[in-house]
1. Work out, step by step, the length gained on full extension between A126 and E58: first 0.36 nm times the residue separation, then minus their alpha carbon distance; give nm to one decimal.
2. Of the heavy-atom accessible surface of the chain (probe 1.4 angstrom), what whole percent is carbon and sulfur?
3. Report the dimensions of the chain along its three principal axes from the alpha-carbon atoms, largest first, rounded to Å.
4. Once you have the Cα-Cα distance between K252 and E51, take 0.36 nm times their residue separation minus that, and quote the gain in nm to one decimal.
5. Using a Cα-Cα cut-off of under 18 Å, which lysines could be cross-linked to K74, ignoring same-chain neighbours fewer than 8 residues away?
6. Counting alpha carbon pairs within less than 8 Å and at least 6 residues apart, what relative contact order, in whole percent, applies to segment 270-412?
7. Sort 334-347, 367-380 by packing, meaning the average of other beta carbons within 10 Å per residue, with the highest value first.
8. Rounded to the nearest Å, what's the spacing between the alpha carbon centres of segment 6-73 and segment 85-145? Just the number, please.
Amino acid sequence: MVAPLGVHSNWKDHFEKYTDLSVTRINPRNRDQFLEEVYLGSFDVYICHWEALRLMPELTERHWMHVIGDEIHKIQGPRTKVTTSFKEIPATFKTGLSGTPAYDKPDDLWSILNWLYPTFWTSYTAYFDRYVLWVDYNGYKTVIGVANEKELQEQMRGFYIRRLKTEVLTELPDKYYEKIYVDLHPKQRRAYNQMRDTMLAWVGENEDQPLNTSVVLAQLTRLQQFAAAYAYIEVVKKRRLIEGVLTDVEEKVLRLIDPSAKIDAALDLIYGAGNNQMVFFSQFSSVIDLFIDRLKKRGISCVKYTGDTSPKDREKAKYGFQAGEYQVIALTIRAGGTALDELKVASTAVFFDRDWSASNNNQAEDRLWRHGQKNAVQIIDLVAANTVERGRLENIDMNWTFIKQLLGDNDE
């Protein structure tokens, strides 16, 4: 079984509770022991994490009876190291588990289908042309919808089952949404406008050729960070080893500092909630760091959970929040959006901003909206007025509509 590191103990407990199979899980600091257990065939079930696959090519040297991919959407990128390493593991049976097998584009599903039935789902191009609506925009294929989804669902019917949470957990309370628009501080607005105008000037210089998508995304990401707090880009000198020679290079580093209209609004929400616990999400660790610093200065009990948080501190954060030791927990969407059951003690989640992937956002919301939640769950988006954020949220919602249509969740 390949699963996110944070859920290995849950899987091991379930195997031991409901089966008589012997189970081992990888120690990330001692992969050799795990590989030795694989070589000796000491256990029935072996659990490892996605990031370790590329470091353990030995897993491909034996034929496995059953390979299970938990959060199988990890292999959506057909050319990533994780995907290629996973697909090289030979197996008689294959099972993929995912709340959302496609993140935000209809073609995200192809790589998973290719893993399950490589002799049938052989061509990405054929899949794209058959099941994705697209237009040519400045030389790039831009997705505008889903095509022939009923045919695709019929082809998958024999090996695919989907159950919505509302169908399985009928006792779940409601989940409702609210947007709070904030006006940027004058200092923030000046910085944001400067970044926006610089970006537009930069685009104008290159209007005679198609723009690289990654460059455009980087510029939009910068604008979103500037919408979160006052920001500036500092040029710092660092020494890098280039072709064996230590060389002085200049790098641009983003600095987020006060003022922040969003953090001001977040503090108002916390004070208005009394002693009730709250959960805050952002895609940027820099926003989380600035937020936590403000909370500590106000004497509000808080803890953070980001990609930089050590495994030990992650355990302390989630169980401490569950025990009521902290009023606020602040997480990055990618680090805290999956495999956490402890956040359901709260019933309000606030997003400073959203991930590009609607699936990641929904996963984060559902850390609160899950089995055991007794109250209606409120999801609040803090949106900076007159910025790129409103249009970006609409784009994310549109992509999510495509995915629901692809998977048969609705008939829109």
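The values are calculated or read from the model by the stated rules, or taken from the named source; none is laboratory data. Bear in mind that the values here come from a model prediction, so they are computed numbers and not experimental data. Don't worry about glycine lacking a Cβ; one is built from the backbone with ideal geometry, like all the others, and counts go over all protein chains shown. What goes into the accessible areas is simple: the full protein's heavy atoms, side chains included, and nothing from ligands, DNA or RNA. Shrake-Rupley method; radii C 1.70, N 1.55, O 1.52, S 1.80 Å.
1. 21.2 nm
2. 49
3. So the extents along the principal axes, rounded to whole Å, are 63, 59, 57.
4. Contour length minus Cα-Cα distance gives 69.5 nm.
5. Answer for K74, where 18 Å is the Cα cut-off: K87, K94, K105, listed by chain and number.
6. Value for segment 270-412: 24 percent.
7. Packing order, densest peptide first, comes out as 334-347, 367-380.
8. So the separation of the two Cα centres works out to 26 Å.
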